[in-house]
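What follows is one structure encoded as structure tokens, with my remarks underneath.
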Amino acid sequence: MTPHVLLLQEGQATGGVSTIAGILGQSLLQAGWLATVLALNKSNWRQRLVAARLCDVILASNNFRSAYVAWALGLLLRKPVVVWVHGPLKEVLAQAGAIAIKRAWLHWLYRRLPQFVFVSKASRDSFLDFMGGPLGPQQRMDVIANTVTLHATASDEGAPRPSLPGQPRLAYIGRLSEEKQPILLLDMLRLLPREFHLTLVGDGPLRDALAQAGADLLAGGRLTLAGPQAHGPNLYEPWDMTVLSSRYEGCPMTLLESFAMDVPCVGLPIAALKEVVGDVAPYLLARDHTAHALADAVQTVMAMPRAQLHADMARVLLRHDVKDFAQRWQTVLLAALQPC
């Protein structure tokens, strides 16, 4: 029989979770699976029940609302459930100011879900820290790092990018929200030489605050608020470097997509970034979490030989291969189908 997975998503918005869920769905289809994607904000309980009856395994695309619905459907229809954990749970809840009753509910629920997949060891460790120790003996945990399907346009190793002489172009691509700390990038830009330019690509609740805080940079032509842009291979092409300023990440798609377009990415020394690049290209991480350290890292990387950057980014991408990602996910989902 052809296995059939129901992928529950909270919505159909853009972002890293939506991107990687789309890659997984497409990979399963190419491997001969049946895959149904259902957005919770576009469906009612009757539609969810119908979709769940037709599937063999339910995959919640994250560990909050889609996990709640997956657990209820699995319990009602006796279907296996797998929950995909992206961000570091402890830090996410702290940032959101989650109240005690929600934390208690999550503790209760997560002790009853049979199988989890984490995008990084950092996310797994944060989850276990929140849970106060190991899960039960019947609960399974796997770590499957995110992958990327974009391909570099610079095919020649060390080929120079078409930047304007003396005008390095930096980009931040992501949500303009507190946990991403985009305002730190304004402080970083003020510490860089005047020829550096920064473009913020994305939207979010901090957009107006960024426009106000960066009024001098906007007026001076050093900062651009580009708003949301269409996702695709050309998104990273105009930039010499992308910059991450997040307080936390799961397994950052921005970094992987940037590498896949042969654009280096510099970030803060958070656990997830250390896990992805720390042993291959530690110079891509700032020495600490300050704007000064981030500015120093940007200038260090900008001055490095292009061939070394190209080679190190390729080494990182080898560990995030699409075929390996798809195979590991199929192994997990098939295991969920096996009777205990």
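Residue check, Gln338 against (1) farther than 25 Å from Glu91 by Cβ; (2) surrounded by 19 or more Cβ atoms within 10 Å (Cβ to Cβ), all met but one. Which one?
Against the list (1) farther than 25 Å from Glu91 by Cβ; (2) surrounded by 19 or more Cβ atoms within 10 Å (Cβ to Cβ), Gln338 comes up short only on (2).
Taking only pairs six or more apart or across chains, which ones have beta-carbon atoms under 7 Å, a first residue in the stretch 98-114 that is under 21 Å from Val81 (Cα atoms) and outside any helix (DSSP H, G or I), and a second residue that is β-branched (Val, Ile, Thr) and at pLDDT 95 or above?
Within 7 Å, the pairs are Leu113/Val81; Leu113/Val83; Pro114/Val81.
Do we find a residue being under 23 Å from the mean Cα position of the chain (by Cα) and either at pLDDT below 95 or assigned by TED's automatic domain parsing to the domain that holds His310 (or both) anywhere in the stretch 208-220?
Checked the stretch 208-220: at least one residue is under 23 Å from the mean Cα position of the chain (by Cα) and either at pLDDT below 95 or assigned by TED's automatic domain parsing to the domain that holds His310 (or both).
Against the definition (assigned to a loop (DSSP other than H, G, I, E, B) and either in contact with a helix residue (DSSP H, G or I) (Cβ under 7 Å, 6 or more places away or on another chain) or among the small types (Gly, Ala, Ser) (or both)), how does Ser245 come out, yes or no?
Spelling it out, Ser245 is indeed assigned to a loop (DSSP other than H, G, I, E, B) and either in contact with a helix residue (DSSP H, G or I) (Cβ under 7 Å, 6 or more places away or on another chain) or among the small types (Gly, Ala, Ser) (or both).
Just one of Leu198, Leu192, Leu217, Leu206 is of a type in the set (A, V, I, L, M), buried (at least 16 other Cβ atoms within 10 Å of the Cβ) and in contact (Cβ under 8 Å) with a residue 60 or more places away in the chain; which is it?
Sole residue among the options that is of a type in the set (A, V, I, L, M), buried (at least 16 other Cβ atoms within 10 Å of the Cβ) and in contact (Cβ under 8 Å) with a residue 60 or more places away in the chain: Leu192.
In the stretch 273-283, is there at least one residue being in contact (Cβ under 8 Å) with a residue 40 or more places away in the chain, part of a loop (DSSP other than H, G, I, E, B), out of contact with any Pro (no Cβ under 6 Å at 6 or more places or on another chain) and of a type outside the set (Lys, Arg)?
Looking through the stretch 273-283, none of the residues is in contact (Cβ under 8 Å) with a residue 40 or more places away in the chain, part of a loop (DSSP other than H, G, I, E, B), out of contact with any Pro (no Cβ under 6 Å at 6 or more places or on another chain) and of a type outside the set (Lys, Arg).
If Gly250 satisfies every condition in (1) surrounded by fewer than 24 Cβ atoms within 10 Å (Cβ to Cβ); (2) outside any helix (DSSP H, G or I) but one, which is the exception?
Among (1) surrounded by fewer than 24 Cβ atoms within 10 Å (Cβ to Cβ); (2) outside any helix (DSSP H, G or I), Gly250 violates only (1).
The values are calculated or read from the model by the stated rules, or taken from the named source; none is laboratory data. Note that this is a predicted model, so its numbers are computed, not measured. FYI the Cβ positions are ideal-geometry reconstructions off the backbone, even for glycines, and counts take in every protein chain you see.
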